[in-house]
Amino acid sequence: MSEPLLPPIGMLAELTHRCPLQCPYCSNPLELLKADRELDTQTWLDLFSQAADLGVLQVHLSGGEPTLRRDLGQLIAGLSARGVYTNLITAGINIAEGRIAAFAEAGLDHLQLSFQGARPATTDRIGNHSGSHEKKLETARRARAAGLPLTINAPIHCHNIEEVPEFIDLALSLDAERLEIANVQYAGWALANRNTLMPERAAVERQAEIVAAAQARLAGVINIDFVPPDYFAVYPKPCMGGWARDAFMVTPDGTVLPCHAAQTIPALRFERFGERSLAEIWTDSPAFNAFRGTEWMQEPCRSCERREFDWGGCRCQAMAIAGDAAATDPVCIKSPIHARMGMLTDETRRAAADNAAGEPFIYRRIRAVAELG
């Protein structure tokens, strides 16, 4: 490794894979874990305690839909007692009245609410759940009434990319402090649906101009974060800040991962909390050390001036497109197969056109795995 190993500061806790929505862009794995494989309350609390001991400062509580956990208030309180900042990432539907206020009372610091569309019809269609848009609006109002800072998350793909100006207006109308325009990254269900989610380059460029103008116009009013789509990029993003560099995630059954899609790399074995301590996994796990730092890098990454900025980009994307997790992220213009990205985007757009009259999505649900053949 090129730098000393530091303690992690961030953690994503996927408390459950259960979710009332069936979003086709979901980054969860195709093989979703059922409720009987989820960690129990005490095990999560023990894990959170070890995370705080390790140095974690913030925990993002996610899923699936984390509010389906009846013990969510207890988990928030446990983190709050250790002084850990908590962010609840929710779809915001079917949450009983009073629960948001109870989460705030337990010590929740922030709520991040996803909208599949800026228009009700888009939200309901993408999530495959009728009436979901209005329920999200109510969750946003309850969060603000409870005094919680609010982020609106807008996962962007070809079916809602033209609604970006409306997403900005929506976030302003809900008194959000932050808006995340997050172009879909192709892992999990999103990869399975890539042909029907990929936007056209012209739409991506138009979106970037709209966001940049809004960021300038609304500076000091709302923070607008922009996550550009990898497939149209020139250089890759540092995935999770760099593989196992300062953050990690935990799946519902306690498997500890460097990133969402790490289990798509077949050569790596990831350990579960309880088999070893969190500190041992963070420090000594062969899977965590596999792509840490820069020593693992091949050329052109090894001698690239950006190697300690993007840390080689996304290992899972390299696996999915190059067939080699140690390869240069194909998104990078210096990759020997960078041209494949343009071919992929062209192929997906042609496939989308051919399927224009057919079923657009493989919705995120357990039985849908069989449809993937």
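The values are calculated or read from the model by the stated rules, or taken from the named source; none is laboratory data. Quick caveat, the model's predicted, so the values are computed rather than measured. Cβ placement follows ideal geometry from the backbone for every residue including glycine, while neighbour counts extend to all protein chains displayed. Side chains included, ligands, DNA and RNA excluded: accessible areas come from the protein's heavy atoms. Shrake-Rupley method; radii C 1.70, N 1.55, O 1.52, S 1.80 Å.
One table, with the values for the structure above:
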| item | result |
| --- | --- |
| Per residue value of the accessible surface for the stretch 81-179 (all protein chains in place, 1.4 Å probe), Å² | 37 |
| FRET efficiency estimate (nearest 0.05) - Cβ-Cβ, ARG119 to ARG99, R0 22 angstrom | 0.25 |
| Net length gained if the chain between ASP175 and ALA203 were fully extended (0.36 nm per residue, minus Cα distance) | 7.3 nm |
| Top of GLU295, GLU65, GLU38 by mean-square fluctuation, Gaussian network on the chain, Cα under 10 Å | GLU295 |
| Point-to-point label distance, GLU280-GLN42, nm (Cα→Cβ direction, 7 Å offset) | 2.0 |
| Total charge dipole magnitude, the stretch 1-120, about the Cα centre, Cβ charges on Lys, Arg, Asp, Glu only, Debye to nearest 20 | 340 |
| Around THR41: net Lys/Arg minus Asp/Glu count, Cβ-Cβ under 11 Å | -2 |
| Simple Cβ-charge dipole of the chain, Lys/Arg +1 and Asp/Glu -1, about Cα centre, in debye nearest 20 | 340 |
| Carbon and sulfur %, accessible surface of the chain computed with the full protein complex present, 1.4 Å | 52 |
| Signed unit charges on C-beta, dipole axis of the stretch 48-188, positive-most listed residue ASN153, LEU137, ALA81 | ALA81 |
| The stretch 244-348, dipole about Cα centre (Lys/Arg Cβ +1, Asp/Glu Cβ -1), debye to the nearest 20 | 80 |
| Local electrostatic count, GLU271, Cβ distance below 10 Å [Lys/Arg +1, Asp/Glu -1] | 0 |
| Rg/Rh for the stretch 23-110, where both radii come from Cα atoms and Rh is the Kirkwood radius | 0.96 |
| 14 Å beta-carbon shell around ALA213, net charge (K/R +1, D/E -1) | -1 |
| Helix-derived mean residue ellipticity, 222 nm - over the chain, DSSP H n ≥ 4, -39500 (n - 2.57), to 500 | -9500 deg cm²/dmol |
| The stretch 216-373 shape via C-alpha gyration tensor axes, a/c threshold 1.5 | rounded |
| Net length gained if the chain between ASN223 and GLU166 were fully extended (0.36 nm per residue, minus Cα distance) | 18.9 nm |
| Förster radius 51 Å - calculated FRET efficiency between GLU308 and LYS34 (Cβ-Cβ, nearest 0.05) | 0.80 |
| Cα gyration tensor, the chain - rounded (a/c under 1.5), prolate or oblate | rounded |
